Amino acid sequence: MELNNIALINYTASGGGAGRICSILHQSFANSYLYNKFETNIEDRIIKVDNFSYRNKFYKLCKVLLDKSLHYKISFLPKFFNFLLRNVSEPLRTTKALLGNEDFCFPGTSQPTNYFVKEPTLVHAHNLFPDYFDFYSLPLLSKKYPLLITAHDCWLMTGHCAHPLSCTRFSIGCGDCPDLSIPPAITRDRTKQNLQTKIKILKSSKVYLATPCKWLKEMFLNSNVGALFEEIRIIPNGVKTDVFFPISDKNSLRKKHGLREDSIIYCFVGNKIKNNPWKNFELMQKSLQLFAEKHQQEVIFLCIGDNCETIRRQNFSCKFISHVEDQTLLNELYNCSDFYFHLAKADTFPNTILEAQSCGLPVFANPICGISEQIDEGVTGWFLKDSKPEMIAEKMFLHLKTCDYSKMQKDCRNHIIKSFSSEKMISLYNSYYMDILDSRSSRPKNFNN
């Protein structure tokens with residue numbers, strides 16, 4: 001069977017993370033559609049999932065009035081209409097959410113015919129949260145079409161959170177959750193019941209799973225849902241190496257972007273970096289400040305993905321650049337830098353570490369989750385296992401004194417081309433798609449249905 005018209009489903013159609021991977025796959029398989037929460041571009045076959053049309057009349061009225069009051073900047077009315085929208089327009093849904101249930105009430109996705117523009121050959125879902133997809137629809141979706149899910153985090157195996165951090169209760173069925181505020185947050189502890197709901201849905205479905213790293217596959221196998229998938233394959237995220245590549249003239253790039261040409265620049269790319277609960281900005285900033293005290297050159301920490309005022313300290317500055325959608329510009333900013341710096345509290349398999357290495361940047365990172373599978377220790381970067389900024393700064397200083405930087409730049413680029421190119425990822429997904437379709441077509445037919 002020819003592989004065209006794959007239906008890709010994800011929270012976003014662009015950006016980083018899962019959005020980047022979806023975009024690459026969408027461009028690689030002919031006549032494929034990308035269904036998402038935010039964007040519509042019919043010419044590019046990007047479709048916004050329409051839940052609004054399936055809401056009740058009072059909900060629709062409140063939403064229209066909310067939008068108008070925001071547009072005309074009418075005092076107090078936006079808060080009033082927002083209250084009605086969230087708390088009065090759908091009382092059953094509101095009550096369930098207040099009791100701690102995960103919200104799967106998104107009627108635009110309850111039936112594939114509600115949102116599929118064209119009958120797909122195969123459905124490839126990615127992030128099915130937050131707030132746009134009816135998870136209860138999986139049994140019907142998988143009965144009608146071959147269904148693959150790529151997990152970019154741990155949400156499928158937990159009672160609410162995208163990452164359990166140090167909590168292991170997901171392995172015994174959740175309950176007594178230590179932190180309900182971890183995104184996607186819930187108001188009361190119904191994590192055990194929420195996980196049971198996911199288990200029931202997955203048991204009633206025929207779903208294949210892909211993970212970007214060994215670490216996440218092991219997490220699934222140690223969870224209550226791992227045995228419910230037909231197969232779990234590891235397919236690492238891939239980088240478009242023709243988009244993210246080394247640019248030799250760093251000085252010209254730095255001058256173009258207003259950065260001191262003789263400084264040492266570390267960069268980090270993330271979403272709302274300063275207050276992001278996963279990214280550990282404070283530890284990165286303090287570590288680089290202490291590192292700067294040991295160094296004669298000015299040290300710059302270039303934070304891409306947030307809009308904050310520059311932080312200035314002795315021989316150190318932290319500069320913020322708001323979210324960059326243009327990948328050409330992002331490639332330039334990577335190439336303005338000397339190193340990539342990543343000390344997240346939790347991060348499954350970040351594309352940014354791969355993109356930075358594709359640009360020839362050695363990486364300093366903590367070896368958590370799947371990050372330990374992305375870096376060749378001592379060849380393309382170093383792992384920092386300490387949690388104290390003083391120790392981190394000291395180890396960074398020692399590594400810089402002894403490294404062959406030019407060789408590491410080449411090794412970084414070769415490492416990505418060999419192991420993490422988009423071409424390799426596409427080939428692995430293509431094989432998985434074909435195997436899923438072959439398995440589906442070879443199943444015995446049930447003539448009683």
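The values are calculated or read from the model by the stated rules, or taken from the named source; none is laboratory data. Please read these numbers as outputs of a predicted model, since none were measured by experiment. Cβ sites come from the backbone with ideal geometry, for glycine too, and all protein chains shown count toward neighbours. When the accessible area is computed, the model is the full protein with side chains, heavy atoms only, and any ligands, DNA or RNA have been set aside. Shrake-Rupley method; radii C 1.70, N 1.55, O 1.52, S 1.80 Å.
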_Out of everything in segment 384-400 that is open to solvent by 90 Å² or more (accessible area, probe 1.4 Å) and touching a residue at least 24 places away in the same chain (Cβ under 8 Å), what residue ends up being farthest from the chain's Cα centre (by Cα)?_
390
*asked:* open to solvent by less than 60 Å² (accessible area, probe 1.4 Å) and in contact with a strand residue (DSSP E or B) (Cβ under 9 Å, 6 or more places away or on another chain): which single residue out of 205, 171 fits that description?
replied: 205
*For segment 46-58, state whether one or more residues are without any contact (Cβ under 8 Å) to a residue 40 or more places away in the chain, surrounded by 15 or more Cβ atoms within 10 Å (Cβ to Cβ) and in contact with a His (Cβ under 9 Å, 6 or more places away or on another chain).*
yes
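Among strands (runs of 3 or more DSSP E) lying entirely in segment 182-271, which contain 1 or more residues that are over 23 Å from residue 431 (Cβ atoms) and not hydrophobic (A, V, I, L, M, F, W, C)?
264-269
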*asked:* For segment 394-414, give me the residue count where each residue is among the hydroxyl-bearing types (Ser, Thr, Tyr) and at pLDDT 95 or above.
replied: 2
*Checking residue 379 against (1) touching a helix residue (DSSP H, G or I) at 6+ places or on another chain (Cβ under 8 Å); (2) farther than 30 Å from residue 292 by Cα, which single condition isn't satisfied?*
(2)
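Working only within segment 177-190, note down all residues that are crowded, with 22+ Cβ neighbours inside 10 Å and under 15 Å from residue 98 (Cβ atoms).
Residues of segment 177-190 that are crowded, with 22+ Cβ neighbours inside 10 Å, as a first pass: 177, 186, 190.
Within segment 177-190, 186, 190 qualify.
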*Check whether at least one residue in segment 244-262 is under 23 Å from the mean Cα position of the chain (by Cα), open to solvent by 50 Å² or more (accessible area, probe 1.4 Å) and either more than 20 Å from residue 390 (Cα to Cα) or among the aliphatic types (A, V, I, L, M) (or both), and report yes or no.*
yes
*residue 74 fails exactly one of the following numbered conditions: (1) β-branched (Val, Ile, Thr); (2) open to solvent by 50 Å² or more (accessible area, probe 1.4 Å); (3) at pLDDT 95 or above. What is the number of that condition?*
(3)
*Within segment 118-125, can one find any residue that is free of Cβ contacts under 8 Å to residues at least 60 places away in the same chain and open to solvent by 50 Å² or more (accessible area, probe 1.4 Å)?*
no
*Identify the single condition in (1) touching a Pro at 6+ places or on another chain (Cβ under 8 Å); (2) without any contact (Cβ under 8 Å) to a residue 40 or more places away in the chain; (3) open to solvent by 40 Å² or more (accessible area, probe 1.4 Å); (4) part of a helix (DSSP H, G or I) that residue 407 does not satisfy, given that it satisfies every other one.*
(1)
*Looking at segment 48-160, what helices (runs of 4 or more DSSP H) fall wholly within it and have at least 3 residues that are over 28 Å from residue 192 (Cβ atoms)?*
57-71, 77-87, 112-115
*Does segment 85-102 hold any residues that are open to solvent by 30 Å² or more (accessible area, probe 1.4 Å) and among the hydrophobic types (A, V, I, L, M, F, W, C), and which are they?*
88, 92, 97, 98, 99
